[in-house]
Amino acid sequence: YRQTEDALKQGLAITERGLGTGHVDVAHHRVAFADLYLQLGRFAEAGKFVEQALGVLQKVYPPSDPRHVHALLSKARVQWAQAGYVDAQVTFERALSINKRANNGVLHAEVLSERARAALDVGRLQQAQADANEAYEVLLQIWGAAHPSVGAALELRAVVQLRAGQTELAVTDSRAAVQMINASAAQSDNPLVLDARVSLAELAFTFASNI
């Protein structure tokens with residue numbers, strides 16, 4: 001993580017010198033910083049960087065422009081991590097509303113999946129189920145069943161089903177997710193992400209099978 005942070009700092013400094021602090025590329029660098037600091041548990045710093053990014057984007061693009069969505073998703077993640085689910089829900093809704101106009105199905109599914117995890121975290125199972133199911137259906141329509149992202153979405157749906165007490169459905173989906181992800185392993189561009197998805201799917205399957 002230290003190497004990643006150093007590389008981001010260097011990239012941000014170069015971009016600011018070359019393009020100015022108000023350029024959209026600077027905003028993208030700041031979103032990347034926010035995502036990194038969120039992973040490290042440095043929530044205050046993550047929040048600062050994402051607000052700076054949104055400040056730049058809001059000066060360049062109108063409020064309904066889909067180029068706000070990635071920064072809004074990062075903001076919602078920070079709010080959720082800081083136990084601000086209500087605030088995060090508002091931000092998720094705004095991101096989804098903007099993205100519907102852009103009709104970006106993959107990004108729509110990503111926002112839905114994150115909101116499902118947040119809802120699951122606070123026990124809002126009905127919301128989590130609706131979002132996880134919609135994310136899976138959207139990606140299935142875009143990629144087909146042979147794509148690892150579809151398997152990951154199915155794995156998330158299985159986890160939600162397990163929490164909701166729908167054990168048989170969770171087992172079925174978990175089995176399908178493992179098969180789907182393993183079958184598409186050769187197509188993955190990111191083995192580390194794929195390994196994480198496989199582990200999550202297998203964990204959900206094992207837990208469900210032992211209930």
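The values are calculated or read from the model by the stated rules, or taken from the named source; none is laboratory data. All values reported here derive from a predicted model rather than from experimental measurement. Using ideal geometry, Cβ is built from the backbone for each residue, glycine included, and neighbour counts are taken over all protein chains shown. Accessible surface is based on the protein model in full, side chains and every heavy atom, while ligands, DNA and RNA are left aside. Shrake-Rupley method; radii C 1.70, N 1.55, O 1.52, S 1.80 Å.
Remark: the A7-A145 segment gains 46.1 nm on full extension, using 0.36 nm per residue and subtracting the alpha carbon distance. If you take Rg and Dmax of the Cα atoms in Å from the coordinates, which of (i) 18.1, 58; (ii) 19.4, 62; (iii) 40.3, 139 do you get? So the structure-derived entry is (i).
Using Cβ point charges alone (K and R +1, D and E -1), the dipole size of the chain about the Cα centre works out to roughly 440 debye.
Under a model in which nothing but the beta-carbon of Lys, Arg (+1) and Asp, Glu (-1) is charged, the range 48-164 shows a dipole of about 240 debye around its Cα centre. Say the dipole of the range 39-159 comes from +1 at the beta carbon of Lys and Arg and -1 at that of Asp and Glu; which of V90, Q39, V60 then lies farthest toward its positive end? The Cα lying farthest towards the positive end belongs to V60. Compared with the rule-of-thumb size 2.2 N^0.38 Å for a compact globular protein, the range 91-166 has a Cα radius of gyration ratio of 1.05. Seen against the Cα atoms of the chain and their longest principal axis, helix 85-102 is set at about 80 degrees.
Within the accessible surface of the chain, defined with a 1.4 Å probe on protein heavy atoms only, the carbon and sulfur portion equals 52 percent.
With each label modelled as a point 7 angstrom along the Cα→C-beta vector, the R101-H23 pair spans 2.7 nm. Building the convex hull from the alpha-carbon atoms of the range 41-144 and averaging its projection over directions returns 6.6 nm². Given +1 at the Cβ of Lys and Arg, -1 at the Cβ of Asp and Glu and no other charges, the dipole of the range 4-49 around its Cα centre is 100 debye to the nearest 20. Full extension of the chain between E168 and R67 yields a length gain of 32.3 nm, computed as 0.36 nm times the residue separation minus the alpha carbon distance.
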